[in-house]
Amino acid sequence: MSGTNIGTAFLATLKRDLLISLKRRNDILNPFMFFIIVVSLFPIGVSPESAMLRQIAAGVIWIAVLLASMLSMDSLYRSDYEDGTLEQLLLSSVPLYLLVFAKNIAHWLVSGLPVILVSPLLAYMLALPSEGYMTLVASLLLGTPVVGMLGSIAVALTVGLGSRGLILAVITVPMSVPVLIFGTLAVQNALAGGSPLGYLALLGAMLALTISLAPLATAAALRISMN
Amino acid sequence: MLEVRALNCERNDRLLFRDLSFTLEAGQALQVKGGNGSGKTTLLRIICGLNDSYSGELFWHGAPLGERRDAFYAGLLYIGHRVAVNRVLTPLENLRWSSRLRNPADDGPINEALVHIGLAGHEDSPCHSLSAGQYQRVSLARLFLRGAGLWVLDEPFTTLDTHGVTLLENLVTRHTESGGAVLITTHHKLSLPGLRALTLGVAR
């Protein structure tokens, strides 16, 4: 199979998934609205004092991002499993991990990116000082694809199960904890006047590692699930 | 083209078939028969590499199939029980994707395929608004689009009307006449010249 064909198959899969997401807007809107609701409940429930809020702002946003991505993950691969699309992906002569990667990118574009775009607004609501904005957005840009691709492995492992309930969260959350830690530490470091670059570099390293390994793991998990 | 040697498969501690051997040459069509649960779909999935709980050997053009996966997949068109047609997409969008996954086709041949399979006028309706038979026809339109040598079709007739059955029979005949091979499971009585049959589950 020539390089152009692999490229065509990759782009076609990316386009197809984006198209499906656009037509099933609820799958995108629900996690996004959930994210906004969770964050906006904090000033009401915890304290409207800006001194208090600015301390927890980065952590609250990062936790809400994790929960929202867990919610968006549930629909990943499910309809593809039910209608037989996954079988066709497995039977393609294009390497499965590349097609999986295309699906991961599509999923991030509709679930991760909107959340990142709205995060400065929510950071403002939580009285995060303006020095923290850039770092918050940068940490989310590096961290959300990691969470999404780790989740993709867990979804691929459980896609054949009838009702998976909390299994998905039990698998994904422990793997995502390092991202949460470094994401919030980066922002807090920036607020304290230090350089967040070290933490961001760690997040970047995690991203590089996940991009190179997670699609392979997802592909292997899908093969097991389809057996 | 395809050779199966001494295939054994157990599922849920029940023997589905033992010592199953057959060959499928270019220009042949083979109908896999057998009652419900006799292992027809399992056999097809084993051949396609979607199920590996078996013992025995598979050969593709004389070489072990495992060593020629890529060549095998490039020459295979599998339409399973679940037909790989997304319900929110339109037939045109579905076929665009499945064709680009293999050998890229323009919209021209795709539209022609939709006309041939009897879906003219439905190109842009979402698949969930189609009838069950029309839904199945979307998947069968792929038969017009790919130069695959081996067709593996799992129950392709279930929801087709009599006209659709004739259409598919003609397609299969034309494919075998032009040197292709077809492996098909169905309970229908097929009127195909030179059709061979393999019946599973007779030993029990």
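Every number here is computed from the coordinates shown, using simple stated rules; none is lab data. Because the structure is predicted, anything quoted here is derived from the model rather than measured. FYI the Cβ positions are ideal-geometry reconstructions off the backbone, even for glycines, and counts take in every protein chain you see.
Ordered by the number of other Cβ atoms lying within 10 Å of each residue's own Cβ, fewest first, B:Thr159, B:Thr185 fall into the sequence B:Thr159, B:Thr185. Under a Gaussian network description of chain A, with springs only between Cα atoms under 10 Å, the residue in A:Tyr77, A:Tyr199, A:Tyr124 that fluctuates furthest is A:Tyr124. Comparing A:Ala58, A:Ala123, A:Ala192 in a Gaussian network model of chain A where C-alpha atoms under 10 Å apart are linked, the largest mean-square fluctuation is found at A:Ala192. With Cα atoms defining each centre, segment B:1-22 and segment B:130-204 are spaced 22 Å apart in the structure. Of the residues B:Thr158, B:Thr186, the one with the fewest other Cβ atoms within 10 Å heads the list, and the complete ranking is B:Thr158, B:Thr186.
Farthest toward the positive end of the dipole of segment B:62-204, out of B:Trp151, B:Ser129, B:Leu171, is the Cα of B:Trp151, where the dipole comes from beta carbon charges about the Cα centre.
Ordering B:69-80, B:106-117 by mean Cβ neighbour count within 10 Å, with the highest value first, yields B:69-80, B:106-117.
Take the Cα of B:Arg196, step 7 Å along the line toward its Cβ, and report every residue of segment B:148-187 whose backbone nitrogen sits under 20 Å from that point. Under 20 Å, as judged by backbone N against the label point of B:Arg196, lie B:149-155, B:172-187 of segment B:148-187.
Cβ crowding within 10 Å ranks A:Val137, B:Val83, B:Val4 as A:Val137, B:Val4, B:Val83, fewest other Cβ atoms first. In a simple Cβ point-charge model (Lys, Arg +1; Asp, Glu -1; nothing else charged), the protein assembly as shown has a dipole of about 400 debye relative to its Cα centre.
Mean-square fluctuations from a GNM of chain A, with a 10 angstrom spring cutoff on Cα atoms, peak among A:Val46, A:Val118, A:Val110 at A:Val46.
When chain A is described by a simple charge dipole with +1 on each Lys and Arg Cβ and -1 on each Asp and Glu Cβ, the residue from A:Leu90, A:Val115, A:Pro178 located farthest towards its positive end is A:Leu90. Dipole size of segment B:86-145 about its Cα centre, with +1 on Lys/Arg Cβ and -1 on Asp/Glu Cβ: approximately 280 debye, rounded to the nearest 20.
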